[in-house]
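The structure under discussion appears below in the form of structure tokens.
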Amino acid sequence: MQWTKVTSKYAELIFADASDSVFRTYIRVMLLVSSMEFAPNLNQLSTKLGRRKVQSLMKYIEGKQNELGSDVISLDIIIQKVMEDVDAVKRVRDGNKVRKRRERETNVTRDVTSQIRGDKIRGDKIRVNKEEKKEKEHLIEKKFEEIYNQYPKRIKRKESFRYFKGSVLNEGDFAQIQIALANYLECKEVKEGYVQNASTWFNNWGDWVVDPNADTNALKNKTKEIDKKVERMLNATSTTNL
């Protein structure tokens with residue numbers, strides 16, 4: 001507590017010649033009022049500080065009043081001045097409580113808003129990722145169906161699709177599997193009626209990108225032709241990856 005308006009006016013001037021006991025009682029009155037935070041009556045003061053000490057303080061104050069010839073000091077004035085300090089501190093304390101409560105409410109609102117915004121952003125990203133994944137899977141399946149429907153012995157579609165997804169990863173791979181299928185359909189075995197199950201062929205379609213029955217020179221020429229054909233097919237199709 002800051003009691004300068006009490007201590008400077010009374011302690012130095014009025015209580016300058018008071019006994020130690022009276023001055024200590026005067027200080028204890030201020031401490032008691034500040035701790036109780038309300039103005040006590042005479043009986044409460046006497047109970048807390050001792051009746052004889054309070055009476056000695058009252059007697060000293062009455063003597064000072066007669067000496068100064070005016071009511072510039074009284075026990076009520078001292079208590080009133082302390083209560084002014086008590087009330088000022090309570091206003092500051094209450095103001096701090098209100099400010100802290102508002103800060104907490106603001107922080108809670110900010111946290112909730114931030115969480116909602118973050119959840120929305122995460123939700124949007126998850127939704128976009130799911131849509132992109134779904135679109136990509138649809139494109140892969142469409143490309144698979146395009147090749148699978150050309151295959152003469154369509155057995156074990158599920159396994160065939162799994163092999164296709166694991167090996168055909170972009171447009172270049174798709175161009176090569178088209179070439180592989182064309183080579184396979186023209187090979188001697190297929191012409192004679194022996195056709196592998198679709199799952200078997202899709203697991204090994206890379207073996208047919210170049211016709212294994214061609215001679216060495218033919219293989220070289222065929223490889224060049226395949227490279228050119230793949231390049232033409234890539235240029236003719238979209239650049240979207242599978």
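Name the single residue that is nearest to the chain's Cα centre (by Cα) among those in the range 163-172 being surrounded by 14 or more Cβ atoms within 10 Å (Cβ to Cβ) and within 14 Å of LYS142 (Cα to Cα). It comes out as LYS165. Taking helices (runs of 4 or more DSSP H) as the structural unit, those lying wholly within the range 128-212 and holding at least 1 residues that are among the aromatic types (Phe, Trp, Tyr) correspond to 157-167, 171-185, 198-203. Look at (1) at pLDDT 75 or above; (2) aliphatic (A, V, I, L, M); (3) not assigned by TED's automatic domain parsing to the domain that holds GLN55 and you find that VAL128 fails only one, number (1).
Listed here are the residues, each with its yes/no results for (1) modelled with pLDDT of 90 or more; (2) exposed (fewer than 12 other Cβ atoms within 10 Å of the Cβ).
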{"site": "PHE174", "(1), (2)": "no, no"}
{"site": "ILE179", "(1), (2)": "yes, no"}
{"site": "LEU185", "(1), (2)": "yes, no"}
{"site": "GLY193", "(1), (2)": "no, yes"}
{"site": "PHE202", "(1), (2)": "yes, no"}
{"site": "VAL210", "(1), (2)": "no, no"}
{"site": "THR216", "(1), (2)": "no, yes"}
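In the range 173-194, the residue that is farthest from the chain's Cα centre (by Cα) out of those that are under 14 Å from VAL210 (Cα atoms) and not hydrophobic (A, V, I, L, M, F, W, C) is GLU186.
The values are calculated or read from the model by the stated rules, or taken from the named source; none is laboratory data. All values derive from a computational prediction rather than experimental measurement. With ideal geometry, Cβ positions are generated from the backbone for all residues, glycine too; neighbour counts draw on all protein chains shown.
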